[in-house]
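I have placed the structure first, in the form of structure tokens, so that the comments after it can refer back to it.
Each value in this text was obtained by applying a stated rule to the coordinates, not by laboratory testing. Note that this is a predicted model, so its numbers are computed, not measured. Backbone-built Cβ (ideal geometry, glycine too); neighbour counts: all protein chains shown.
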Amino acid sequence: MSINITRRGFLETTALTSAAFAITGCMSVTAKVPEPKKPNIIFILADDLGYGDLGCYGQTQIKTPNIDQMSAEGMRFTQHYAGSTVCAPSRCSLLTGLHTGHSYMRGNAKNFGLREDPQDIILPRLLKNAGYHTAMIGKSGVAADSQDGAFPNRKGFDHFFGFTSHWDAHYFYPEYLWRNGKKVKYPGNTKHEGPAYSSTEVTKEALTYLDERSREKKPFFLHLAFQIPHVSLRAPEEYKKMYRGKFQEPEGLKISRHWSQEKEPMTTYAAMVSYMDHNVGLILRKLKDHGMDKNTLIVFSSDNGPEHTGGSNPSYFSSSGKLRGLKRDLYEGGIRVPFIARWPGCIEKGSVSKHISAFWDFLPTCCELASIEPPATDGISYLPSLLGKTQKAHDYLYWEFYERGGKTAIRKGQWKLILTNLKSKKPQIAELFDLEKDIAETNDLSKTRPDIVKELKSKMHSSRVDNERYKLRIE
């Protein structure tokens, strides 16, 4: 697959040099500029957490004090987008720097994942080559379904612990997890019950990893990918006690055989989010304990919008906030996600950014931080935004999705166009929204602004290529 993507201006040597000076000087201004010190990078990713599920984004019923404090000490983005509206392609976009019109993984297909190097080169390989130690802990982002426990290592992660299959990650009491190609077994676990809760095990591994990195001078990149709050719904009892009796639970709940039976889904969902918040707090405290927090950029986000299955009910908690749609939608609620960045001394405390950005911007951002040239991507580094500098804007953002008849979406400035029925025999439907005036996407302007529809359709055509598995028709 050949992709012709224009390289961004920051790839020039002069831009990289100025970025290095900006990073060096973001904590203080001195007469003598020292050699730039590459920062540690941590990207924490929640699974199916909605835009409105955190206190700092307006949530009132679920408590998230640690993430809210992270926002108060850093920057909160209000227009950041996931790579897709489901797990695998969203995570692929994060690691490759490509949107779903160019990436290899564009859906949650079984027995399908990224290809071996040198195909589908991803971020950890680039950072590893630049002197970083790299780790992924939690839910793998290199394949939707795999039983090859060493594959993440071959894609550039020095250390891997967790799930290689997204389907296995639906269960919080796994019979085993993978650590660098070897199974770590949990006797007594039966997928839905047992003594070892996977999110606890993942957090322990991450804390141990930080202990180990504190003894090294080498910078590190940690991708910490939680399962929470993806169904099945399961949470530690002490966190369920925090919420029990506070919510109205549904009666006569019917759940598919795939998901666990949960008698108090509202209580459990809130408990899962709060437990995840607790674990984020442990990571933040560990960084401070080791004196690493001032040289660590830590980012928190979610892979897509909230789910409505397995007993969860996003409308009860207003999980999408004021946005329309959920997971598997290309409306804002399916793809606009919380995004918080903290870097003491570099990012202004309590700042808010309206910069329109997406998962595919993370790779070029990290490459700029590491003073290396990335491959051609769809992304633009948002490091200037983080440092309070002038930020280059995207011309547009693009998504495509292959379930439910096939659909695409494109955002250019205030305008958002969604096309549906791109794989079915049904007539294609176009919806156009002005997000500056209509963030909830309630007023379809496609009939009154055909000029905008035509322009954005043209950009859709030029923004994508078919690959061996994924093909769409845009009329």
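Normalise the Cα radius of gyration of the range 328-414 by 2.2 N^0.38 Å (N = residues in it) and let me know the number.
Compared with the compact-globule rule of thumb, the range 328-414 sits at 1.23.
The listed peptides 144-153, 326-335, 179-188, ordered by packing as a protection proxy, come out as 326-335, 144-153, 179-188 (highest mean of other Cβ atoms within 10 Å first). Over all distinct Cα-Cα pairs of the range 93-153, the Kirkwood formula returns a hydrodynamic radius of 12.4 Å.
What net charge do the residues around Ser319 carry, taking every other residue with its C-beta under 11 Å from that of Ser319, with Lys and Arg at +1 and Asp and Glu at -1?
Numbers: positive: Lys327; negative: Asp48, Asp53, Glu307.
Residues near Ser319 contribute -2 overall.
Computed over the range 126-255, the range of Cα coordinates on each principal axis works out to 55, 29, 26 Å, biggest value leading. Annotation: the antiparallel percentage among DSSP beta bridges lying fully within the chain is about 55. Taking θ as phi - 60° and the Karplus parameters 6.51, -1.76 and 1.60, the scalar couplings of the range 108-117 work out to 8, 5, 6, 6, 8, x, 5, 8, 4, 4 Hz in sequence order, x denoting glycine and proline.
Under 10 °C and 1.306 mPa s, how fast does the range 273-397 diffuse according to Stokes-Einstein, given a Kirkwood radius computed over C-alpha pairs? Answer in µm²/s, whole number. Numbers along the way, then the final one.
Values: Rh = 16.6 Å.
Using the Kirkwood radius from Cα pairs, D works out to 95 µm²/s.
Annotation: amide H of Phe220 within the under-5 Å range of Asn40, Ile41, His133, sequence separation 5 or more or interchain, hydrogens built in the peptide plane. The aspartates and glutamates whose alpha-carbon is closer than 20 Å to the alpha-carbon of Lys286, local same-chain residues fewer than 8 away aside, are Asp68, Glu73, Glu201, Glu205, Asp211, Glu212, Glu216, Asp277. Loop-located chymotrypsin sites (Phe, Trp or Tyr not before Pro) in the range 133-200 (DSSP state other than H, G, I, E, B) with a sparse environment of at most 14 neighbouring Cβ atoms within 10 Å: Trp167.
Whole-Å semi-axes of the range 398-462's equivalent ellipsoid, largest first, each the root of 5 times a Cα gyration tensor eigenvalue?
Values: eigenvalues 72, 31, 27 Å².
For the range 398-462, the semi-axes come out at 19, 12, 12 Å.
The orientation-averaged projection of the convex hull spanning the C-alpha atoms of the chain amounts to 22.1 square nanometres. For the peptides 59-70, 280-291, residues were scored by their other Cβ atoms within 10 Å and the scores averaged per peptide; the highest-first order is 59-70, 280-291. Think of it as helices only: each DSSP H run of n ≥ 4 in the chain is worth -39500 (n - 2.57), and spread over all residues that comes to -7500 deg cm²/dmol at 222 nm.
Computed over the Cα atoms of the range 191-274, pair by distinct pair, the Kirkwood hydrodynamic radius stands at 15.0 angstrom.
Taking a straight Cα-Cα cut-off under 12 Å and skipping sequence neighbours fewer than 8 places away in the same chain, the aspartates and glutamates within cross-link reach of Lys182 are Asp148. For a straight C-alpha distance cut-off of 20 angstrom, the lysines reachable from Lys263 (same-chain residues fewer than eight places away being disregarded) are Lys191, Lys240, Lys241, Lys246, Lys254.
Three principal axis extents of the range 60-137 based on alpha-carbon atoms, in descending order, are 44, 33, 22 Å.
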